[in-house]
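The values are calculated or read from the model by the stated rules, or taken from the named source; none is laboratory data. Bear in mind the structure is a predicted one, so any value in this text is a computation, not a measurement. Reconstructed Cβ throughout: ideal geometry from the backbone, glycine too, with neighbour counts over all protein chains shown.
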Amino acid sequence: MSGFPWFDYCNTKLHVESVQLDAIAREFGTPCYVYSRAALIAAYTEFDAAFSGRDHLVCYAVKANSNLAILNLFARLGSGFDIVSGGELHRVLKAGGDPQKIVFSGVGKQPAEMRAALAAGIFCFNVESEAELVVLDRVAGGMNKTAPVSLRVNPDVDAKTHPYISTGLKENKFGIAFDEAEKLYASSEKFANVRITGLDCHIGSQLTELGPFIETCGRVLDLLNRLETRGLQIDHLDLGGGLGIRYSGENPPPVGDYVTTLCKEIGHRRQRILIEPGRALVGNAGILLTRVEYLKHTSYRDFAIVDAAMNDLTRPALYDAYHEILPIMKNKGNGKTFQIVGPVCETSDFLGHDRKLALSQGDLLAIMSAGAYGMSMSSNYNSRPRAAEVMVDGNRTYLIRERESVEQLIAGEKILP
């Protein structure tokens, strides 16, 4: 067993569902992102079913992976969507997402993005500052529309995660300071083109303990009680996302325990519950398939230079993140300790440090747990075209994004006369 339910060895070869990964490499080349449709469906269904009939909306955080095929799959399952840009709005609508299931988060929404979201008729704007509320009110008024709004409050709770993906501390740029939120809610009546509908929070990503969720929920419910005492009607509670996955030794709580805990904290309140999972839906549903180009032995270290790089998967360079790395062919011997590095001209271009593997030039490797913040954070650094993306459904394989060409990279550039 590989430890990843939808990626496992059969007759010494690593498969995704019923398809051999080496067959995918032959057909589509490397580097290549590969996703399991069954894993995506199972992850969404687990979240949705955990609410057991309670009024809720699971809004997939599009930034985790915004491929149209993945968005369409979730839309067909009934998912909502958490977006943070006009581009993500366009993608969700193109993929068949229901505008009335879209929440628009993010600290820097531009007027043009607001207009597009208002025209589409989205469910709610998660507003992150008074200045944003002023602009949204003006934009909505210019369109003769009323913008549905929840204020994202910053509860100043330590998510106990990497500082770059912590969003709920008072020093973070996200949300409205907790001690200022009640006042802003109370003054919302002065905004003629805004309708307050919800209360929102989000404290970070890759959380592996329930404690921060419980603490956040308690603070948000205290604020909700004060708002209702003032006579303000709050129709939904958006409790954000952030539930972590297993990359290596982490032990995040099961989805059922997470949802049950949230529902227990909320009790019998009438508000609809929204959550915004991203990584927990797609992270372990995808891998990055790469080939060993060269083995380089030095007196200090042994390097396996692969054709994937930090432009394809930036998390190791950006966060020093760990991804398990598995050989496509199993049982080749004891091996030695390799640094798994890419061809980009940066020392930070690595995919894994000190991995015990038996490798030969030309071998294929699977970088596991790459479905979230892999392709969506990729770049063209060193003028490297972005990877292809493939979806596997049982024994069928579908190309869901073509590999870029260098000509596509330079198509919009102009030489001076």
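Restricting to segment 31-46, name every residue that is surrounded by fewer than 22 Cβ atoms within 10 Å (Cβ to Cβ) and either hydrophobic (A, V, I, L, M, F, W, C) or in contact with a Lys or Arg (Cβ under 7 Å, 6 or more places away or on another chain) (or both). The answer is ALA38, ILE41, ALA42.
When segment 14-60 is filtered for residues that are assigned to a helix (DSSP H, G or I) and either at positive phi or aliphatic (A, V, I, L, M) (or both), the ones remaining, listed by number, are LEU21, ALA23, ILE24, ALA25, ALA38, ALA39, LEU40, ILE41, ALA42, ALA43, ALA49, ALA50.
Only residues that are in contact with a Phe, Trp or Tyr (Cβ under 8 Å, 6 or more places away or on another chain) and either in contact (Cβ under 8 Å) with a residue 24 or more places away in the chain or surrounded by 14 or more Cβ atoms within 10 Å (Cβ to Cβ) (or both): list them for segment 1-20, please.
Filtering segment 1-20 for residues in contact with a Phe, Trp or Tyr (Cβ under 8 Å, 6 or more places away or on another chain) gives 1-2, 14-17.
Matches in segment 1-20: SER2, LEU14, HIS15, VAL16, GLU17.
Any idea which of ASN67, ASN154 is of a type outside the set (Val, Ile, Thr) and at pLDDT 95 or above?
Details: ASN154 fails: at pLDDT 95 or above.
Just one listed residue meets the conditions, ASN67.
Candidates GLY231, GLY249: the one that is free of Cβ contacts under 8 Å to residues at least 12 places away in the same chain and farther than 30 Å from ARG138 by Cα is GLY249. ALA411 falls short on exactly one of the conditions (1) out of contact with any Lys or Arg (no Cβ under 7 Å at 6 or more places or on another chain); (2) touching a residue at least 60 places away in the same chain (Cβ under 8 Å), and that condition is (2).
Within this structure, LEU399 fails the test of being touching a residue at least 12 places away in the same chain (Cβ under 8 Å), not in a strand (DSSP E or B) and not basic (Lys, Arg).
Let me confirm something: among ASN126, ASN72, ASN67, which residue is polar (S, T, N, Q) and either in contact with a Phe, Trp or Tyr (Cβ under 6 Å, 6 or more places away or on another chain) or farther than 18 Å from SER376 by Cα (or both)? Break it down stepwise before answering.
Values: ASN72 fails: either in contact with a Phe, Trp or Tyr (Cβ under 6 Å, 6 or more places away or on another chain) or farther than 18 Å from SER376 by Cα (or both); ASN67 fails: either in contact with a Phe, Trp or Tyr (Cβ under 6 Å, 6 or more places away or on another chain) or farther than 18 Å from SER376 by Cα (or both).
Going through ASN126, ASN72, ASN67 in turn, the sole match is ASN126.
Scoring ASP257 on the criteria (1) surrounded by fewer than 24 Cβ atoms within 10 Å (Cβ to Cβ); (2) in a loop (DSSP other than H, G, I, E, B); (3) not small (Gly, Ala, Ser) leaves a single failure, condition (2).
Suppose the filter is charged (D, E, K, R) and under 22 Å from the mean Cα position of the chain (by Cα); does ARG384 pass it? I'd like the intermediate steps shown before the answer.
Values: charged (D, E, K, R): yes; under 22 Å from the mean Cα position of the chain (by Cα): no.
No, not satisfied.
Within segment 327-357, can you find the residues that are modelled with pLDDT of 95 or more, farther than 21 Å from CYS32 by Cα and in contact with a Lys or Arg (Cβ under 6 Å, 6 or more places away or on another chain)? The answer is THR337, PHE338. Exactly one residue out of LEU262, LEU281, LEU237 is part of a strand (DSSP E or B) and either modelled with pLDDT of 95 or more or within 21 Å of the chain's Cα centre (by Cα) (or both): that is LEU237. Residue-level check: of (1) in contact (Cβ under 8 Å) with a residue 40 or more places away in the chain; (2) over 26 Å from TYR35 (Cα atoms), LYS296 misses just (1).
Candidates in segment 115-140 are the residues that are in contact (Cβ under 8 Å) with a residue 24 or more places away in the chain and among the small types (Gly, Ala, Ser); of these, the one that is farthest from LEU68 (Cα to Cα) is SER129.
State the number of residues belonging to segment 333-369 that are surrounded by fewer than 14 Cβ atoms within 10 Å (Cβ to Cβ) and either farther than 13 Å from ALA304 by Cβ or within 23 Å of the chain's Cα centre (by Cα) (or both). I'd like the intermediate steps shown before the answer.
To start, the set of residues in segment 333-369 that are surrounded by fewer than 14 Cβ atoms within 10 Å (Cβ to Cβ) comprises 333-335, 337, 345, 347-348, 354, 356, 360-362.
Still in the running and either farther than 13 Å from ALA304 by Cβ or within 23 Å of the chain's Cα centre (by Cα) (or both): 333-334, 345, 347-348.
Of the residues in that region, 5 qualify.
Here's the yes/no breakdown for (1) touching a Pro at 6+ places or on another chain (Cβ under 9 Å); (2) buried (at least 16 other Cβ atoms within 10 Å of the Cβ); (3) of a type outside the set (Ser, Thr, Tyr):
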residue	(1), (2), (3)
ARG54	no, no, yes
VAL58	yes, yes, yes
ALA64	yes, yes, yes
ASN72	no, yes, yes
GLU88	no, yes, yes
LEU93	yes, yes, yes
CYS124	yes, yes, yes
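I'd like the full set of residues that are part of a loop (DSSP other than H, G, I, E, B), touching a residue at least 40 places away in the same chain (Cβ under 8 Å) and in contact with a helix residue (DSSP H, G or I) (Cβ under 8 Å, 6 or more places away or on another chain), limited to segment 61-114. Result: ASN65, SER66, ASN67, VAL107.
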